[in-house]
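Engineer: Okay, here's the structure, questions in a sec.
Throughout, read-outs are computed from the coordinates displayed, never taken from laboratory work. On a predicted model such as this, the values are computed, not experimentally measured, just so you know. Quick reminder, even Gly has a Cβ in these numbers, built from the backbone with ideal geometry, and neighbours come from all protein chains shown.
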There are 2 protein chains.
Amino acid sequence: MDPEVEALLAPLRALVKEQGDVVRELKTQKAPEMDVKKAVAELKRRFFYDQSFAIYGGVSGQYDFGPMGCALKGNLLNLWRSFFVMEEQMLEVDCTMLTPEPVLKASGHVDKFADLMVKDLKNGECFRLDHLIKAQLEKSEKKATAEVKARCDDIIVKLDNMGAPEMSAIMKEFSMKSPVTNNDLSEPMEFNLMFQTHIGPTGLMKGFLRPETAQGIFVNFKRLLEFNQGKLPFAAAQIGNAFRNEISPRSGLLRVREFTMAEIEHFCDPQDKSHPKFDDIRGTEICLYSAANQMEGKSVYKTTIGEAVDSSTVANHTIGYFMARIQQFLLKIGIDPKRLRFRQHMGNEMAHYACDCWDAEILTSYGWVECVGCADRSAFDLNQHYKATGVKLCAEKPLPEPVMENVVELITNKSALGKTFKKEAKLLTTHLANLDTAAVESIESSLNSTGQHSVEIDGQTFTLTKDMIVEVKRFQKKVFVEEIIPSVIEPSFGVGRIMYSLLEHSFRVRPDDEQRTYFSLPAWMAPIKCSVLPLSNNPDFIPLVKLLSKALTEAEVSHKVDDSSGSIGKRYARTDEVAVPFGICVDFDSLKTPHTVTVRERDSTLQVRMPVDDVPEVLRRMSQGKLLWDDVMKKYPKFEQQQSSQK
Amino acid sequence: MDPEVEALLAPLRALVKEQGDVVRELKTQKAPEMDVKKAVAELKRRFFYDQSFAIYGGVSGQYDFGPMGCALKGNLLNLWRSFFVMEEQMLEVDCTMLTPEPVLKASGHVDKFADLMVKDLKNGECFRLDHLIKAQLEKSEKKATAEVKARCDDIIVKLDNMGAPEMSAIMKEFSMKSPVTNNDLSEPMEFNLMFQTHIGPTGLMKGFLRPETAQGIFVNFKRLLEFNQGKLPFAAAQIGNAFRNEISPRSGLLRVREFTMAEIEHFCDPQDKSHPKFDDIRGTEICLYSAANQMEGKSVYKTTIGEAVDSSTVANHTIGYFMARIQQFLLKIGIDPKRLRFRQHMGNEMAHYACDCWDAEILTSYGWVECVGCADRSAFDLNQHYKATGVKLCAEKPLPEPVMENVVELITNKSALGKTFKKEAKLLTTHLANLDTAAVESIESSLNSTGQHSVEIDGQTFTLTKDMIVEVKRFQKKVFVEEIIPSVIEPSFGVGRIMYSLLEHSFRVRPDDEQRTYFSLPAWMAPIKCSVLPLSNNPDFIPLVKLLSKALTEAEVSHKVDDSSGSIGKRYARTDEVAVPFGICVDFDSLKTPHTVTVRERDSTLQVRMPVDDVPEVLRRMSQGKLLWDDVMKKYPKFEQQQSSQK
């Protein structure tokens, strides 16, 4: 970035940061912190998730999903599939995670996907350097002079843009030591966040666990375009795991070393980023935190996605379309709309491939968390893989009218090239076949004048001599299409982060009883849709319970029979804790004909009594969100007290 | 194994092998090989799957699933979930793949999960040694004396049981060289099949990509038991990827380095392996190839699973129950029953953890392929993790009547132990707390006589002295339960292998036209359920096509509109190639009111004409297998020729 612009912006940014911190602190204070701790304890106790390999002491940044978390994740992913893949007719793929080095070299991950870290020189403990500097400066500030304080603030604002030498100088300036042991620290070193391994037995093929699922789609671009009969735009999607070897992960499910992503790569004409269904979502209201507002210290504002695109705040219709769809999806699963915003990346934080990017951020007890990214990666990735492989990753776009094109082509002497350059000859041949007119003519003229010409490819120099070129062919060609390298718009969902935010947002404590907690997940997200509870262990209840369980299985309503001892209230409380939205109780009145049961709704704890025969279909439709509890309440008589029917 | 028994069995085994080879050769000849090649070409052309990173030259043993393969896989896994997890109320979990070394050390994988290989001493190429020896001996046999031939046969039969020294001797005896270069080969070396990496930035924590999903369930056993309210039996399930660094994979989707597994771990009382639902499947007919029949050179036979368990051919009811369910599942997805059998492992091929094992094998063009394993792992894994962590992985079993138990307990002096053994004290304390009466009394007597006692734990020696023991407490305790380490029955599904077999089994060539091929997948497995085809590009068809597409989306019937040019016959053929079971055609008669369309079934190519309003529900039910084509044929008039209605 221009240093002069930087100088102008720096104080503004400091202001932004200050304001941001104030707001964040206020928000955090408002969030009932005890509730969150209670929620997390509950989630672990009920095995929604917990640390992996706990009996071996656990590994930080790795978590297992238990039965409830796993079912919730399954529901989330199924809904995602129907919301995006099915409804938008995307091409879903499933690619391998083990990725050979050249692919990630081309994508930029081998060189750039790294954080700076320092090591404790005595015990080897590692620290992420920017986190360490920020924490130590914030600590120093408290007892510092105004001058030192200003210096600290200035550094913190600029930290994101600093490299190793600058950070190293700051460490020396403030004599930084390990915050744990006070030992000396190493010089900063780059730590690549990819897990490395070797593919095959020779140990010669280096591979990595993919750091994102996107690359699997890019390397398959040609097949996918062909599958789509050569037409643009189209979108591919992938759900799968990715891996990042975080230096010291400490934020629960939010920063983990292994995580599930759901990614979409929408390929479109770089000259035409309109979207056919934009008008369907034009009026969607959305909270935006634009880069401009962040820079100017202004706040989030509400607008419609239509206005945001019209005013060029959001770069194009396709990004806008996906932002609206992302919001629809997040609200559908149960995210609190008041704790959702879209924040635009500022220039200095954009990933190496992106040219515009909006994050759907969700407010949790950890602050605002990036849960879905929506980036315009332009043609970066397809170009990189083309450069690395020589395989053109482009689409054909019909010209409005055919044009005559002058073609100048080098006809090479393959055997002469092969003799001189051996296995490198292919690289050279591909290069020469793809030159434009100017380049061919430049080679022609230097061969004619000096008898040779040097070509540089990927740092290698090839010396061409006259005998290697048979002729320079000139002809005209009628061209009906132009080749274009598509732009890519990428909505990328962090599944674990969304799940965690959803669980925080849906955690509730009953106003009348602090000990009773529940998760108010929408029925279609709940891990188990209903419980079947006999009022007591009276054997007369058994046949009806079995009949109901069978009917529910046939209607594909997941359920759990809980015939354990314990009062009906206690058993309801236990199902509330795992978000079961509906409870069916078989009581003494159920034994009379026509058989009826009570059905209870989790959030309101209200109950109705309905005929047994109605149960499977009513429960099926309520579980899918196709029938609302309010309508069920209107149709069936309200039921007041389970205990009263006990004889 | 007893060498005398081995000597008796060897000739029998040779005979078995010979017979097996003959049968296999016959079968392979019978399988229309060209069809299989055609099928595989078709699968790649239609991007069901293809080699990963192909534009980079590909990596052997890694494959990507394209849109069709991915949808098929999704259908397979959804059905698996409803068939096993839902119907049997299993606890599904989702555990991390990156696994720290101690976990896999305990499970035996670090030491034993290896193949022997040799390297070409000049170019470093690696060969799996047993494959290399077998291939070279089979080649030598052809021009050998009777004596040498007998020697070769004997070696081949015993190969599975041989270690490095024996194989090395054989390599020397037959002067084996690289089959590719004829270069000299290295001595045999063990190659561990796990991919290794490091977790965290220090490089000190060794980790592996899991070689199976099972261990994630075992290390979570305590939480799962608790989730199940402490009750046995229960089953946990997991769908996820696992990794094996195969030495030189060459069998397409059948031997890959990264693959999806669906595993079940059924935990039960080792004294009681009955299954409550066994009677539901007792009469299921099943093809068995028992270990005894393999040894005696007898063939596969048909029996019922009830008889197989009654005769102790199958070890217990729970394995039997799962074998029947595995078969039901495989037939439901469309595996040919005539190409399915259950083969029992012989003693010498059982995995290091198993005490009985049956493989569901499916016949493909590669021969019989192990697609689902069903093993009794006994208490091996839980025991190993208990030993490694000191955490008891056991369940409590109520005793028929409470008993009084004499307890002898060492009361240790924690501070004395801590002072002497520092951080090792915990290991010792755990050990001492778990000793039985005899062991405690032995320590007591040696402390009394010599004043000290040595304890060996994991190769470490601890010397106890009198001051470390406060007292030896003796008392009686009323005991209501006994602690048992559950046995584990494990059905383990190789998802990619099943998919490949299914695609081979369902590939068809139209008898009247060799160029026309299709996959006869059941409707519930088909990647896309129906196509919507306007008869021509006449714009009058567009509104009806849009209306149908919308109605099908609402009914959750995945479909594809194909309005490209090309005759209706060609477009049907294209959908046949990707297994689309139903085709809807909007033709000129459709434009008349009441609107009707034709619906075509893929396998029979028969068509009916039905009202547009009926389409979504009929298609939804047919797609789920809840309505049969035969019944649709009975209800709606048959339609003969699309072309005839064109005007």
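Engineer: Which one, A:GLY566, B:PHE195, A:LEU606, projects farthest toward the positive side of the charge dipole computed for the protein assembly as shown from Cβ point charges (K/R +1, D/E -1)?
Structural biologist: Going by the charge dipole, the pick is A:LEU606.
Engineer: Quick one: what do you get for the range B:189-276 if you divide its Cα Rg by 2.2 N^0.38 Å?
Structural biologist: 1.42
Engineer: Between A:GLU424 and A:PHE475, what FRET efficiency comes out of the Förster formula 1/(1 + (r/R0)^6) with R0 = 30 Å and r the beta carbon distance, rounded to 0.05?
Structural biologist: 0.55
Engineer: Between A:ASP111 and the same site in the other copies, what are the distances in nm, shortest first, taking label points 7 Å from Cα along the C-beta direction?
Structural biologist: Reported distances to equivalent positions: 4.7 nm.
Engineer: Still on this model: Placing the label point 7 Å from Cα along the Cα-to-Cβ direction, what are the distances from B:ASN123 to the equivalent spots in the other copies, shortest first, in nm to one decimal?
Structural biologist: In nanometres, ordered from closest: 5.2.
Engineer: Hey, another quick one. State to the nearest 20 debye the size of the charge dipole of the range B:115-192 about its Cα centre, where the only charges are +1 on K and R beta carbons and -1 on D and E beta carbons.
Structural biologist: 320 debye
Engineer: Further question: For chain A, what does the relative contact order come out to in percent, with C-alpha contacts under 8 Å and a separation of six or more?
Structural biologist: 12 percent
Engineer: Mind scanning B:LYS105/B:LYS423; A:LYS222/B:LYS119; A:LYS560/B:LYS112; A:LYS105/A:LYS478 and naming the pairs with a C-alpha gap bigger than 32 Å?
Structural biologist: A:LYS222/B:LYS119; A:LYS560/B:LYS112; A:LYS105/A:LYS478
Engineer: Same structure, new question: At a Cα cut-off below 16 Å, give the lysines reachable from A:LYS298, other chains included and same-chain residues fewer than 8 away excluded.
Structural biologist: A:LYS17
Engineer: Compute for the range A:44-175: radius of gyration divided by Kirkwood radius, i.e. Rg/Rh, restricted to C-alpha atoms, rounded to two decimals.
Structural biologist: 1.12
Engineer: Let me know the Rg and Dmax you get for the range A:515-635 when you use only its Cα atoms, in Å.
Structural biologist: 13.1, 38
Engineer: Something else: Quick one: putting +1 on the C-beta of Lys and Arg, -1 on the C-beta of Asp and Glu, what dipole do you get for chain B around its Cα centre, in Debye to the nearest 20?
Structural biologist: Dipole magnitude for chain B comes out near 1780 debye.
Engineer: Normalised radius of gyration for the range B:267-342, please: alpha carbon Rg relative to 2.2 N^0.38 Å, two decimal places.
Structural biologist: Taking N as the residue count of the range B:267-342, the ratio is 1.12.
Engineer: Right, next: Note the per residue figure in Å³ for the convex hull of the C-alpha positions in the range A:399-481.
Structural biologist: 105 Å³
Engineer: Could I ask something else about it? So which aspartates and glutamates can A:LYS149 reach, going by Cα to Cα under 19 Å and dropping same-chain residues fewer than 8 places off?
Structural biologist: A:GLU18, A:ASP21, A:ASP130, A:GLU138, A:GLU141, A:ASP160, A:GLU166, A:GLU173
Engineer: Okay, moving on. Between A:GLU640 and the same site in the other copies, what are the distances in nm, shortest first, taking label points 7 Å from Cα along the C-beta direction?
Structural biologist: 7.2
Engineer: Same structure, new question: Based on other C-beta atoms within 10 Å, arrange A:CYS355, B:CYS152 from fewest to most.
Structural biologist: Starting with the residue having the fewest Cβ neighbours, the order is A:CYS355, B:CYS152.
Engineer: Something else: Based on the alpha carbon coordinates of chain A, what radius of gyration and maximum Cα-Cα distance (Dmax) apply, in Å?
Structural biologist: Spelled out, the Cα radius of gyration and Dmax of chain A are 30.6, 110 Å.
Engineer: May I pose another question? What is the range A:516-599's relative contact order, in percent, from Cα pairs under 8 angstrom and six or more apart in sequence?
Structural biologist: Relative contact order comes out at 43 percent.
Engineer: log10 I(q)/I(0), Debye, Cα-only the range A:115-192, no solvent, q = 0.11, 0.12, 0.22, 0.24 Å⁻¹?
Structural biologist: Results for the range A:115-192 at q = 0.11, 0.12, 0.22, 0.24 Å⁻¹ read -0.26, -0.31, -1.00, -1.16.
Engineer: Based on alpha-carbon centroids, what's the gap between the range A:474-495 and the range A:96-112 in Å, whole number please?
Structural biologist: Centre-to-centre distance over Cα atoms comes out at 22 Å.
Engineer: I'd like the trypsin sites (Lys or Arg not before Pro) in the range A:591-634 restricted to DSSP loop residues with at most 10 other Cβ atoms within 10 Å, sorted by number.
Structural biologist: A:LYS592, A:LYS626
Engineer: Could you tell me the convex hull volume per residue, in Å³, taken over the Cα atoms of the range B:333-435?
Structural biologist: Expressed per residue, the convex hull around the Cα atoms of the range B:333-435 is 226 Å³.
Engineer: Let me ask you something else. Can you pull out the trypsin sites (Lys or Arg not before Pro) in the range B:52-126 that DSSP calls coil and that have at most 12 other Cβ atoms within 10 Å?
Structural biologist: Sparse-neighbourhood loop trypsin sites (Lys or Arg not before Pro): B:LYS122.
Engineer: Within a 10 angstrom radius of each residue's Cβ in A:198-208, how many Cβ atoms of other chains show up on average? Whole number is fine.
Structural biologist: Whole-number average of other-chain Cβ neighbours for A:198-208 is 5.
Engineer: Still on this structure, I have one more. What is the magnitude of the charge dipole of the range B:53-197 about its Cα centre, with +1 placed on the Cβ of each Lys and Arg, -1 on the Cβ of each Asp and Glu, and no other charges, expressed in debye to the nearest 20?
Structural biologist: Roughly 500 debye for the range B:53-197.
Engineer: Taking the axis about which chain A rotates onto chain B, which residue of A lies nearest it as judged by Cβ position, and how many whole Å separate them?
Structural biologist: Spelled out as residue then distance in Å, it is A:THR197, 2.
Engineer: Give me the one-decimal Kirkwood hydrodynamic radius in Å for the protein assembly as shown, with the sum taken over alpha-carbon pairs.
Structural biologist: By the Kirkwood definition, the hydrodynamic radius is 35.2 Å.
Engineer: Taking the range B:410-534 on its own, what percent of its Cα-Cα pair distances exceed 19 Å?
Structural biologist: Taking all Cα-Cα pairs of the range B:410-534, the fraction more than 19 Å apart is 69 percent.
Engineer: For peptide B:385-392, compute the average count of partner chain beta-carbon atoms within 10 Å of each residue's beta-carbon.
Structural biologist: 2
Engineer: For the range A:37-104, would you read off the P(r) tail past 14 Å as a percentage of all alpha carbon pairs?
Structural biologist: Of all Cα-Cα pairs in the range A:37-104, 73 percent lie more than 14 Å apart.
Engineer: Lysines within cross-link reach of A:LYS638: Cα-Cα under 23 Å, excluding same-chain residues under 8 positions apart?
Structural biologist: Cα-Cα hits under 23 Å: A:LYS529, A:LYS570, A:LYS592, A:LYS626, A:LYS647.
Engineer: Work through the residues other than B:THR596 whose Cβ is under 11 Å from its Cβ and net out their charges, Lys, Arg +1 and Asp, Glu -1.
Structural biologist: -2
Engineer: Still on this model: For the range B:170-210, what Kirkwood radius comes out of the mean inverse Cα-Cα distance, in Å?
Structural biologist: By the Kirkwood definition, the hydrodynamic radius is 13.5 Å.
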